[in-house]
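The values are calculated or read from the model by the stated rules, or taken from the named source; none is laboratory data. The shown structure was predicted, so the numbers you read here are calculated from the model rather than taken from an experiment. Methodologically, a virtual Cβ is constructed for each residue, glycine included, from the backbone with ideal geometry; neighbour enumeration extends over all protein chains shown.
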Amino acid sequence: MKRMRIALVAAAAAATLALAGCTGGDAPVESAEPAPTFEAGTTMARLQEAGKVTIGTKFDQPLFGLVGPSGDPEGFDVEIAKIIADELGIPEDGITWTETVSANREPFIESGQVDFVVATYTINDKRKEVISFAGPYYLAGQSILVLADNDDIKSEDDLVGEKVCSVTGSTPAANLAELGAVPVLTDTYTNCLEPLRAGEVVAVSTDNVILAGLAAQNEGEFKVVGEPFTEEPYGIGLKLDDTDFRMFINDVLEKAYEDGRYEEAWNKTAGTVLPFVDPPAVDRY
């Protein structure tokens, strides 16, 4: 009986091999993961059917969203966006990356120029009047970047009455004005570095993770000083009242927290400079 069972197994294996041979070496291999299915009429179903998605992110933010040698952005925000696209059944070559600076994120979402935005995007009530947020997926805090030899600026209190560079339309710029600093505004944080080098401003101020990336990219020139003096919860921006899509993205984030993809994304990007911290709980408002 044992010999007969072995013979049957061998015959079945041979039949399988023969069938595989008939299909040819170039036959597609079925994915172990079934394609996701979504309710008709939802943003998820539309994007899945199109097989492509347009995502807004920063192009000048080391560690989070910086255009690399490939011509595509790289960083933690980019990896989070790829995870969302993958859960829609869209491969990386189905993603179109659109640069979104701080001032154009809401207009790009409202106009449909992008499907969603992952771009060091602080969730706040004012923005939630015109767009929706999934997340948060990271909790940053505003801090200060100065020249490496500057020992005069130690905290936000030292910025009062001083010229400090930040970005138009950003939460940090509003915080500086409220603090009593003199904001000098530009469109991207990298454009703050030359005024800092030239002494036209005493500091650059934005989220600590952004400043850490700028300091790492320009080793020996700058340093981050003081403790973060705000909390900046980063969220994923999408069209106002698209509740189904917001809940889907929240589901994706929580899944990525649990299965290790979130930590893997961090470790190969921002984690090369900054320690890993557990992600915040998503807000299903």
Item to check | Answer residue from segment 93-147, given it is among the hydrophobic types (A, V, I, L, M, F, W, C), out of contact with any helix residue (DSSP H, G or I) (no Cβ under 9 Å at 6 or more places or on another chain) and more than 23 Å from Glu254 (Cβ to Cβ) and is surrounded by the fewest Cβ atoms within 10 Å (Cβ to Cβ) among those | outcome: Ala103
Next on the checklist: For segment 211-230, give me each residue that is within 20 Å of Leu179 (Cα to Cα) and buried (at least 16 other Cβ atoms within 10 Å of the Cβ).
Outcome noted: Leu211, Val224, Val225, Gly226, Pro228, Phe229, Thr230
Checklist entry - Ala281 fails exactly one of the following numbered conditions: (1) touching a residue at least 12 places away in the same chain (Cβ under 8 Å); (2) outside the structural domain of Lys82 (by TED's automatic domain parsing). What is the number of that condition? => result (1)
